[in-house]
Amino acid sequence: MSLATAKSNAKAGYLLGEASGSALDSVDSHDAADRGSTGTAAGMFGNGRDLEKTGGTNGFSVSDHADFEMADNDFTIVAWYKPESLGAFQNIVAKADGSDGSYFLLSSSADKVRIRVFASSGFGGEGTASSTGTLSTGNWHLMLGKHDATNNVVGASLNGAAFDTTGHSTASYQGTMGLQLGWDSFAEDADGVLDEVIIIQGYAFTDADAAMLWQGGGGMPFSEWDGTNDLTTLTPTAHFDASDSGRLFTTQAASGQHTGTPADGNAVQVWDNEYSSSSIADLAFHYVGAPDYRSGGSATMKSGLSELDFDGSTDYMIAYTQTGGAEKTWADFLDLDGWCLFGAFRADTGGITQDNTGNNRYLNHILTGDDGANLTLYLRSGAGSPKIGFVAAVSAAYTASLEVDVSENTTYYYILRYDGTKYYLSVNSGTESEITAGQIDSLGGDVRIGLGHASSAAFAGRFGEWGSFDYSLSAGNLTTLKTYLDRWLTAVAGTVPRRMLMGVGV
């Protein structure tokens, strides 16, 4: 898996942010001439070009060049596409004319991504593969087609799914045909917004590349394929979400540790730590109570996203070892000299509940559990806007605290960190609030998410993600994290997003 390698092998990159005119090549000098008056529209990243099905005067043309002659080499074609209509063939990229063809990436009449590779003139010796999934109008899609000359297959992928492949052992026909973007010689014009078309010679995408580029729907722009804002360079002590396939809702034998009947009927549900360091490799989050697991496809969700809905009474999560050992404390996640926490949440309207004193109204989000003394992240109402707040005991006589305005029934990410001198708190990509204070007195107390000290101030709303670092992020790392959190927030359009790809081996 290497998007950086793919980027270094790119022969053309059409980012399609122009307001009009030619589609400019960001990689080389293969600018694509506008065949009509192709306008602009909101793209997957910035602007895209708005193609109309005009029967032959649509899209862009590029002259033939050796950079597009794939022969018997690996190659990949990448495109982001938001169709306005479907049900007919729509060409996205083709090296072809009316008589001969080398390869096509298109949406088929069955609305699937299809790659076609031809071995000889006159469209002879065809190898073709189609995606399992189908495109839909009004939604952005990642369309991938590849020829893997090493494994002798062609493959098609939609929205980061594993490639559907078909055997094809011969070279692609070269010829003198130019590239056709958004149209072909058979009037199979595209009808929708096209963004970021990348032509790669010498590298065939892997399934992992496809998933990385899709990013759960948030996408990764071509400018970042080389590692810019790459979260895989960050190594968290823990990272939890509700979307780890094969790791969610497995039954564990942890007698005496947990109570409650989860929504799916298992005795115990587990949120595994896929990214932990070796010291907490056996860590799991178990649900106490019965949080509702929200799978993709419901009215409030987008396909492939997941979240947990807590009821504001007895639902919460607690960290412990899968082998049934002791509950984990903040010391397992944080370091006194520097640390960072991040997470996604959405508080229900009217979900802020009173704490156990019956006075101040708090909705605790992350808390140190029954320790209740050194690290609390909460939501509260009161005068003015609801706020997300942080409080930490740093000495017997001093408490550090920060608050940032939020709203109920709105999705947020928070980033809370300590750099050895100051505490910082921000929501979404907003400016950090900060306070100068010493180290937390201790890092005791079991780690609970969704419930306050002494089983008070339960959270009512949804969780989508939680993570920690045992170091304070650098300015560059912080920019990286905020960039991706903001992109996820945009991608899910108001629902709590799925996990980020992070850590070695992802």
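Key figures
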quantity	calculated
Contacts under 7 angstrom Cβ, first residue in the stretch 141-168 being among the hydroxyl-bearing types (Ser, Thr, Tyr) and outside any loop (DSSP other than H, G, I, E, B), partner open to solvent by 10 Å² or more (accessible area, probe 1.4 Å) and at pLDDT 95 or above, 6 or more apart	157/163; 165/153; 166/128; 166/153
Candidates 444, 420, 430, filtered to the one that is at pLDDT 75 or above, of a type outside the set (Val, Ile, Thr) and over 31 Å from the mean Cα position of the chain (by Cα)	444
Single condition residue 224 does not satisfy, out of (1) without any contact (Cβ under 8 Å) to a residue 60 or more places away in the chain; (2) under 18 Å from residue 146 (Cα atoms)	(2)
Exclusive hit being open to solvent by 10 Å² or more (accessible area, probe 1.4 Å) and under 22 Å from residue 202 (Cα atoms), set 99, 120	120
Residue ranges of strands (runs of 3 or more DSSP E) in the stretch 66-124 with at least 3 members under 32 Å from the mean Cα position of the chain (by Cα) and in contact (Cβ under 8 Å) with a residue 60 or more places away in the chain	75-83, 90-96, 101-107
Single match in 207, 195, 226, 164 (criterion: surrounded by 18 or more Cβ atoms within 10 Å (Cβ to Cβ) and within 25 Å of residue 43 (Cα to Cα))	195
Conditions (1) at pLDDT 95 or above; (2) of a type outside the set (Phe, Trp, Tyr); (3) farther than 15 Å from residue 190 by Cβ: number failed by residue 109	(3)
Residue, nearest to residue 223 (Cα to Cα), within the stretch 41-54, restricted to residues that are in a strand (DSSP E or B) and open to solvent by 60 Å² or more (accessible area, probe 1.4 Å)	47
Leading residue by the ranking (farthest from residue 47 (Cα to Cα)) among those in the stretch 8-25 that are in contact with a helix residue (DSSP H, G or I) (Cβ under 7 Å, 6 or more places away or on another chain) and open to solvent by 50 Å² or more (accessible area, probe 1.4 Å)	11
Any chance residue 3 is open to solvent by less than 40 Å² (accessible area, probe 1.4 Å) and either touching a residue at least 12 places away in the same chain (Cβ under 8 Å) or in contact with a Pro (Cβ under 6 Å, 6 or more places away or on another chain) (or both)	yes
Index of the failed condition, residue 129 passing every other in (1) within 27 Å of residue 85 (Cα to Cα); (2) touching a Phe, Trp or Tyr at 6+ places or on another chain (Cβ under 9 Å); (3) modelled with pLDDT under 95	(3)
Count - residues of the stretch 167-192 that are over 21 Å from residue 119 (Cβ atoms) and surrounded by fewer than 18 Cβ atoms within 10 Å (Cβ to Cβ)	1
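The values are calculated or read from the model by the stated rules, or taken from the named source; none is laboratory data. Treat the numbers as computed from the prediction; the structure is a model and nothing was measured. Virtual Cβ from ideal backbone geometry, glycine too; neighbours counted across all protein chains shown. Heavy atoms of the whole protein, side chains included, go into the accessibility calculation; ligands, DNA and RNA do not. Shrake-Rupley method; radii C 1.70, N 1.55, O 1.52, S 1.80 Å.
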